[in-house]
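The values are calculated or read from the model by the stated rules, or taken from the named source; none is laboratory data. No experiment lies behind these values; they were computed from the predicted model shown. No Cβ is skipped: glycine too gets one built from the backbone with ideal geometry, and neighbour counts run over all protein chains shown. Heads up: the accessible areas ignore ligands, DNA and RNA and are worked out on the full protein's heavy atoms, side chains in. Shrake-Rupley method; radii C 1.70, N 1.55, O 1.52, S 1.80 Å.
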Amino acid sequence: MQLSEKCLAITGSVTLALDAKSKELKAQGKDVVGMGAGEPDFDTPAYIISAAKQAMDMGMTKYTPVAGTLSLRQAICDKLQKQNGLRYTPDQIVVSSGAKQSLFNTFSAILNPGDEVLIPSPCWVSYPEIVKMCGGVPVFVPTCEQNDFCPDPLAIEMAITPRTKAIVINSPNNPTGCVYPEALLRRIAELCVRHELFAVSDEIYELLIYGDQKHVSIASFGPQIQAQTIVINGVSKTYAMTGWRIGYTASDLTVAKAMTKFQSHSTSNPNSIAQYAAQIALSQENPDGKTMHDAFDARRKALCQGLNAIDGLSCLCPHGAFYIMLNISGLLGKRFEGTVIDGSMTLSDLLLEHELLAVVPGAGFMADHYVRLSYAVSMENIEKCLQRLSHFVSMLEG
Ligand SMILES: Cc1ncc(COP(=O)(O)O)c(C=O)c1O
């Protein structure tokens, strides 16, 4: 009995594997500090919770249209117009069970077997795997810390072949926290138009930007690039609604119809109650939004400062999302109790085992000289993390 080749080609999520290990240690009563979280540690705002209760009381417990209720899709259009300067009609919006399903729908709708998708790396673990599951071939365009982890448009152009179908843009970025400047997005838009590529623009962290930079959607540069862009967004990160599973796409009508067809035979509509809660989340002022944003900002500064003060470690202070890429090059080749640190996997294992500190190995993000730390954790845990890292580094030999 053989499993499918498609299934065998997929790598399981390193983030979830690490999460499982640290949960196991926690269950044994160990004081594990988890810096791997990909979700806000805040509760969903109260006005959204009440909306969900109301939805149940109002009987919103039945199937909805596959692409989501008209009122939610209209609220998404209003949001896109108000916050991003983008005009869409509700029939161009497809609501799904999380942005992850939106990405799955997207690549299912646009890829033929062997089509290539450019992905600036380090990248979020799921992009290459979703592309592979949809028959495509991920092609990485490496970025570097010296360039703030922003892709070089020339490197993107060099990677384009006759099989290239799309490019993934993820700004603010997971895992690097970089925010693409508008000038760079304009260069990428120009490449997409010239080479007839789809721009898959994952904007799920758009409201989590610190400092002066502004979020700009690549779709906002004119009708041609808007027609070629599939905007991916959702409520998971900015409204602390990871468990509610609501994401959406905004795209050209033909693409939206194709995605709806796929979704109609996979999950049908996303959860009806969560849809109403998302509608209220998007259409009312979020009183907790600023508190959450400012808390992330304060933690970001404390974590960056502390990390850069530890010998052998360094990081850029990211402008967005809630992740830091910690450069571990200075520790490579050193030994901990006889074990040579030969990459991010070994380091992450040692930190978990000996310091009860869970970090995500950069290898999962195509960046083995880094580990990813999330600052969606309390200040107390940030302090513990810094103490444990300092202690670990002081024990190294070589
Ligand atoms: C860049 C990026 N896109 C999409 C998602 C998926 O979001 P959702 O919870 O809406 O599926 C994540 C979650 O970690 C993410 O980091």
So which residues in the stretch 46-91 are outside the structural domain of SER264 (by TED's automatic domain parsing), away from the ligand (no atom under 16 Å from the Cβ) and open to solvent by less than 30 Å² (accessible area, probe 1.4 Å), if there are any at all? ALA51, ALA52, ALA55
Taking the stretch 329-370 on its own, how many of its residues are under 23 Å from ASP31 (Cβ atoms) and assigned to a loop (DSSP other than H, G, I, E, B)? 3
Could you check, for the stretch 238-256, whether at least one of its residues is modelled with pLDDT of 95 or more, within 21 Å of GLU157 (Cα to Cα), within 15 Å of the ligand (Cβ to nearest atom) and touching a strand residue (DSSP E or B) at 6+ places or on another chain (Cβ under 7 Å)? no
With respect to LEU326, determine if the residue is of a type outside the set (Gly, Ala, Ser) and assigned to a helix (DSSP H, G or I). no
With the structure loaded, tell me whether LEU357 is open to solvent by less than 10 Å² (accessible area, probe 1.4 Å) and touching a residue at least 24 places away in the same chain (Cβ under 8 Å) or whether it fails that test. yes
Count of residues meeting criterion [among the small types (Gly, Ala, Ser), open to solvent by 20 Å² or more (accessible area, probe 1.4 Å) and closer than 19 Å to VAL168 by Cα] in the stretch 92-111: 2
Selection over the stretch 207-221 where residues are of a type outside the set (Val, Ile, Thr) and open to solvent by 20 Å² or more (accessible area, probe 1.4 Å) yields a count of 8
Could you please give the count of residues in the stretch 264-295 that are touching a Pro at 6+ places or on another chain (Cβ under 8 Å), over 20 Å from GLN81 (Cα atoms) and either free of Cβ contacts under 8 Å to residues at least 40 places away in the same chain or not in a helix (DSSP H, G or I) (or both)? 3
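Residues are listed down the side, and each one gets a yes or a no for (1) out of contact with any helix residue (DSSP H, G or I) (no Cβ under 9 Å at 6 or more places or on another chain); (2) open to solvent by less than 10 Å² (accessible area, probe 1.4 Å); (3) of a type in the set (A, V, I, L, M):
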site: CYS304; (1), (2), (3): yes, yes, no
site: ILE310; (1), (2), (3): no, no, yes
site: LYS334; (1), (2), (3): no, no, no
site: ILE341; (1), (2), (3): no, yes, yes
site: GLY364; (1), (2), (3): no, no, no
site: CYS385; (1), (2), (3): no, yes, no
site: GLU397; (1), (2), (3): yes, no, no
